[in-house]
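Read the structure below first, then the notes.
Each value in this text was obtained by applying a stated rule to the coordinates, not by laboratory testing. Everything quoted here is computed from the prediction, not taken from an experiment. Cβ: placed from backbone, ideal geometry, glycine included. Neighbour counts: every protein chain shown.
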Amino acid sequence: MIITSTEAQNNFGKYLDLAAGQEIVITKNGQPVARLLGMKKTVSFLSDRLVGLIPPDVDEDSIKSERLAKQ
């Protein structure tokens with residue numbers, strides 16, 4: 001959902017509730033400036049950009065363990 005900053009400001013409670021189930025993009029002067037996401041959604045800018053680049057069968061815990069063992 002895309003809304004203006006004025007709409008977000010005037011109805012913040014409504015959009016806060018909606019953010020639990022969907023991403024809300026907030027625009028200012030027609031340009032996207034912010035996203036409102038629920039807590040169960042991805043919140044990392046970097047991980048959002050990596051979606052689809054890392055194979056789904058990668059075990060993050062084993063990679064982390066290997067990396068820590070090298071230190």
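Please give the length that would be gained between GLU60 and LEU16 if that part of the chain were fully extended, namely 0.36 nm times their separation in residues minus their C-alpha to C-alpha distance (nm, one decimal).
Here the answer is 12.7 nm.
Distance in nm between label sites at LEU37 and LEU68, each 7 Å beyond Cα in the beta-carbon direction?
2.4
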